[in-house]
Amino acid sequence: MNGSLYLFPDDPTAVPDTQEILDLVRELEIIGAPLHLDATKQVYQAGPGFARQVIFAGCSPHLRFEPESEEDRDFCHVALIGPLDRPKLLTGAQTGKPRCPHCRARLDDWRARIPTAEAETHCPSCGQAVTATTLDWRQQAAMGRVLLELRNVFPGEATPGDGLSKGLAQATGMAWRHAWADMSPLP
């Protein structure tokens with residue numbers, strides 16, 4: 001499965017206005033024509049501003065913005081996920097072990113301990129209660145009720161530019177974060 005760069009509110013329980021997010025990404029030309037629309041996921045072609053608003057590592061990344069066939073999903077495109085009933089936790093096959101916010105110990109068995117964004121467990125090292133939202137994932141897990149997904153952006157390959165990051169904060173009135181994870185299930 002391919003990776004995605006996710007942007008999401010700092011408070012994973014927050015539900016920013018998705019129309020404000022869509023208006024911003026349209027204004028920044030991050031999205032183009034719709035590919036799939038339903039109540040909890042809107043998928044768009046990448047627009048001409050995608051490569052201007054996402055900062056790619058390296059001097060010449062290979063980016064494809066058009067599918068080669070109807071089944072092809074290995075091209076850059078954008079999904080707005082949400083609003084969801086509860087925060088969703090998105091990780092990847094290569095997600096590292098998160099750290100406890102209290103003692104900084106790694107949770108080796110985090111997949112068994114933290115199946116959802118809301119699940120609570122106790123740190124095996126210090127015994128403090130932790131949830132997915134309080135763990136230090138080092139930008140390797142995304143969680144929220146509303147997420148902006150930039151698909152086919154691999155971990156560490158790209159970060160949101162200042163225009164996108166600041167624009168999301170201004171448009172929604174809340175702080176946003178970013179992380180990399182596997183691409184969400186496709187429509």
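The values are calculated or read from the model by the stated rules, or taken from the named source; none is laboratory data. Keep in mind that this is a model prediction, so the values were computed, not measured. Please note: Cβ atoms are built from the backbone with ideal geometry, for glycine as well, and neighbour counts cover all protein chains shown.
Worth a mention:
- When A119, A169, A175 are screened for being in contact with a helix residue (DSSP H, G or I) (Cβ under 8 Å, 6 or more places away or on another chain), under 17 Å from D11 (Cα atoms) and assigned by TED's automatic domain parsing to the domain that holds T13, only A175 passes.
- Identity of the residue in region 159-182, within 17 Å of F56 (Cβ to Cβ) and under 12 Å from the mean Cα position of the chain (by Cα), that ends up surrounded by the most Cβ atoms within 10 Å (Cβ to Cβ): W180
- Residues that are buried (at least 16 other Cβ atoms within 10 Å of the Cβ) and assigned to a helix (DSSP H, G or I) within region 112-147 comprise just one, R113.
- Inside region 148-165, residues that are assigned to a strand (DSSP E or B) and at pLDDT 90 or above make up a count of 4.
- Residue that is under 19 Å from Q139 (Cβ atoms) and either surrounded by 15 or more Cβ atoms within 10 Å (Cβ to Cβ) or free of Cβ contacts under 8 Å to residues at least 40 places away in the same chain (or both), where the choices are I31, I81, I55: I81
- Of all residues in region 154-168, those that are free of Cβ contacts under 8 Å to residues at least 24 places away in the same chain have Cβ atoms under 9 Å from Cβ atoms of residues that are in a strand (DSSP E or B) and surrounded by fewer than 16 Cβ atoms within 10 Å (Cβ to Cβ), 6 or more apart or on another chain, in D162/I55.
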